[in-house]
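Everything below concerns the one structure shown next.
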Amino acid sequence: MPAGPFHIWWLWVFHHGDSAVFVADQHRSKAVVEGFLGESRPDYWISDRYGGQMGWARRENQVCLAHLIRDTQYAIDAGDTVLAPGFKGLLKRACAIGR
C-alpha cells in the first residue's frame, strides 16, 4: 500500500425493478444524483434521508425501511423501551407485507 493520503470513494446504487446501476464517485453530494438522472425525475424515490438524495421525486419520497429499522435498533440499544420496540415491529411487518 503506498504511503500518503488516501481517497474515499462512495458507491451509489440506483435501483429500479430488477435493475441496478452502480456509480462510484469521490463525492457524496447531490451532484452525483443530478449527473446520473440528468433531466429525468422518477415519480417515487426511496432513500436513506441523506440530504443529497432528497427532492428528486416528482410525486413522493419514501425513507428506506432498512435504514429506519437500523436507526430504531440504535434507539433500542440506547435504552428506549417505550417507542422504539413497537415501531421496529411495525417496520418489520411493513417489510413482510412488501415481500
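Report the antiparallel proportion of the DSSP beta bridges in the chain as a percent, rounded to a multiple of 5.
Of the beta bridges lying entirely in the chain, close to 65 percent run antiparallel.
Using a Förster distance of 25 Å, how high is the FRET efficiency between L65 and F6, based on the Cβ-Cβ distance and rounded to 0.05?
Values: r = 33 Å, r/R0 = 1.32.
Efficiency at R0 = 25 Å is approximately 0.15.
Which whole-number percent is the relative contact order of the range 1-51 (Cα, under 8 Å, 6+ apart)?
Values: 30 pairs, mean separation 12.6, N = 51.
Dividing the mean separation by the residue count of the range 1-51 yields 25 percent.
What are the ³J(HN,Hα) values, in whole Hz, obtained from phi via the Karplus relation 6.51 cos²θ - 1.76 cosθ + 1.60 with θ = phi - 60°, for each residue of the range 13-19 in sequence order, with x given for Gly and Pro?
10, 10, 10, 8, x, 9, 10
Dipole size in debye (nearest 20) for the chain around its Cα centre, Lys and Arg Cβ +1, Asp and Glu Cβ -1? Mind dumping the intermediate values first?
Values: 11 positive and 10 negative charges, 50 e Å.
Dipole of the chain, to the nearest 20 debye: 240 debye.
So who's got an amide H within less than 5 Å of the one on W10, skipping anything under 5 residues away but keeping other chains? H placed 1.01 Å off N, in plane.
Under 5 Å from the amide H of W10: D25, Q26, H27.
Tell me, what is the per residue accessible area of the chain in Å², probe radius 1.4 Å? Write down the numbers at each step before the final one.
Values: 7660 Å² over 99 residues.
Ligands and nucleic acids excluded, the result is 77 Å² per residue.
Shape call for the chain from the C-alpha gyration tensor, a ≥ b ≥ c root eigenvalues: rounded (a/c under 1.5), prolate (a/b greater than b/c) or oblate?
Details: a/c = 2.36, a/b = 1.33, b/c = 1.78.
It is oblate, given that a/c is not under 1.5 and a/b is not larger than b/c.
With contacts defined as alpha carbon pairs under 8 Å and 6 or more residues apart, what's the relative contact order of the chain in percent? If you can, show how the numbers build up before the last one.
Numbers: 90 pairs, mean separation 14.8, N = 99.
This gives 15 percent for the chain.
Carbon and sulfur: what percent of the range 10-63's accessible surface (1.4 Å probe)?
On the way: 1990 of 3930 Å².
Solvent-exposed carbon and sulfur of the range 10-63 make up 51 percent of the total.
What does the net charge come to around W56 if you take all other residues with beta carbon closer than 14 Å to its beta carbon, with K and R at +1 and D and E at -1?
Numbers: positive: K30, R41, R49, R58, R59; negative: E34, E39, D43, D48, E60.
Around W56, the surrounding residues sum to 0.
The values are calculated or read from the model by the stated rules, or taken from the named source; none is laboratory data. All values derive from a computational prediction rather than experimental measurement. Note: ideal-geometry Cβ built from the backbone for every residue, glycine included; neighbour counts use all protein chains shown. Ligands, DNA and RNA are stripped out before the accessible areas are found, and what is left, the full protein with its side chains, is counted by its heavy atoms. Shrake-Rupley method; radii C 1.70, N 1.55, O 1.52, S 1.80 Å.
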